[in-house]
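Student: This structure is in structure tokens; I'll ask about it shortly.
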Amino acid sequence: MLVFDADDTLWENNVLFERVIDDFLAWLDHPTLDRTEIRAVLDDIERANAVAHGYGSKVFLRSLGECLEKLRERPATDRERAEIDRLAAALVGHQVELMPGVAQTLDELATRHRLLLLTKGDREEQQRKLDACGLLHHFDAAHIVREKDVDTYRWLAREHAFDPADAWMIGNSPRSDILPARAAGMNAVFIPNENTWVLEDDELDPGDPGVIRLAAFGDLARHF
């Protein structure tokens, strides 16, 4: 059983948010804080909103608005909110851009393994990407969950009646893909993405024999 993450594993995602953040930081132009300090404030706000409200572009827009209000110590004006919406317009309706080698590699892997897709975030937003990706025919099932923690992986094993020890979770996020899957008894494949969201980063044990590190998605075909 091979279980695949979606955002930033099958297709690009966070790089779009990073471009909006760059534009937001340039527009905000705070009189005393530099870009690194403002980004730290935004990261804290995003971390709290992820716990309270989940993930996706709607929560992201909320975080940008709250960051502006915190730094300017007043409510955002209608004009400022409109500008934030304009900056983030690229997130809405963006076409799914597959990572290199994804379609061909899934074609090959599906001939000899069972495949599942597991993604977290806003259900409507994630479903739009799933419908547009052109990959769903490879998977036994695709699940959208609020959070990818150890209980999620244990549920997935029960739902699809597989032994966690015979399964591999494949993704780019140490926090959501690798560590909780390992805690649930699964193996994992870590495929780093330089644009991974900073809040998804975490330390991995370099000596863990249950984790394979690959440089590119296409390398999966040589291991499985």
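The values are calculated or read from the model by the stated rules, or taken from the named source; none is laboratory data. Computed from a predicted model, the values in this text were never measured in an experiment. Positions of Cβ are backbone-derived with ideal geometry, glycine not excepted, and every protein chain shown enters the neighbour counts. With ligands, DNA and RNA removed, areas are computed over all heavy atoms of the protein, side chains included. Shrake-Rupley method; radii C 1.70, N 1.55, O 1.52, S 1.80 Å.
Student: Filtering the range 1-33 down to residues that are open to solvent by 60 Å² or more (accessible area, probe 1.4 Å) and in contact (Cβ under 8 Å) with a residue 12 or more places away in the chain, which residue is nearest to Leu115 (Cα to Cα)?
Tutor: Arg19
Student: State the number of residues belonging to the range 163-191 that are more than 18 Å from the chain's Cα centre (by Cα) and either under 9 Å from Val3 (Cβ atoms) or of a type in the set (S, T, N, Q) (or both).
Tutor: The qualifying residues number 3.
Student: Please go through the range 34-74 and pick out each residue that is β-branched (Val, Ile, Thr), farther than 16 Å from Asp23 by Cβ, surrounded by 15 or more Cβ atoms within 10 Å (Cβ to Cβ) and over 18 Å from the mean Cα position of the chain (by Cα).
Tutor: Of the range 34-74, the ones β-branched (Val, Ile, Thr) are 36, 38, 41, 45, 51, 59.
So of that shortlist, the ones also farther than 16 Å from Asp23 by Cβ come out as 36, 41, 45, 51, 59.
This time we only want the ones that are surrounded by 15 or more Cβ atoms within 10 Å (Cβ to Cβ), so: 41, 45, 59.
The answer is Val41, and nothing else.
Student: Please determine whether any residue of the range 75-97 is surrounded by fewer than 16 Cβ atoms within 10 Å (Cβ to Cβ) and in contact with a strand residue (DSSP E or B) (Cβ under 6 Å, 6 or more places away or on another chain).
Tutor: yes
Student: Then there is this: Just to be sure before I move on: is Val41 in contact (Cβ under 8 Å) with a residue 12 or more places away in the chain, in contact with a His (Cβ under 6 Å, 6 or more places away or on another chain) and not charged (D, E, K, R) in the structure I sent? First the steps, then the outcome.
Tutor: On the way: in contact (Cβ under 8 Å) with a residue 12 or more places away in the chain: yes; in contact with a His (Cβ under 6 Å, 6 or more places away or on another chain): no; not charged (D, E, K, R): yes.
No.
Student: Please verify whether the range 194-202 includes one or more residues that are crowded, with 20+ Cβ neighbours inside 10 Å, within 15 Å of Trp11 (Cβ to Cβ) and modelled with pLDDT under 95.
Tutor: Yes, because at least one residue in the range 194-202 is crowded, with 20+ Cβ neighbours inside 10 Å, within 15 Å of Trp11 (Cβ to Cβ) and modelled with pLDDT under 95.
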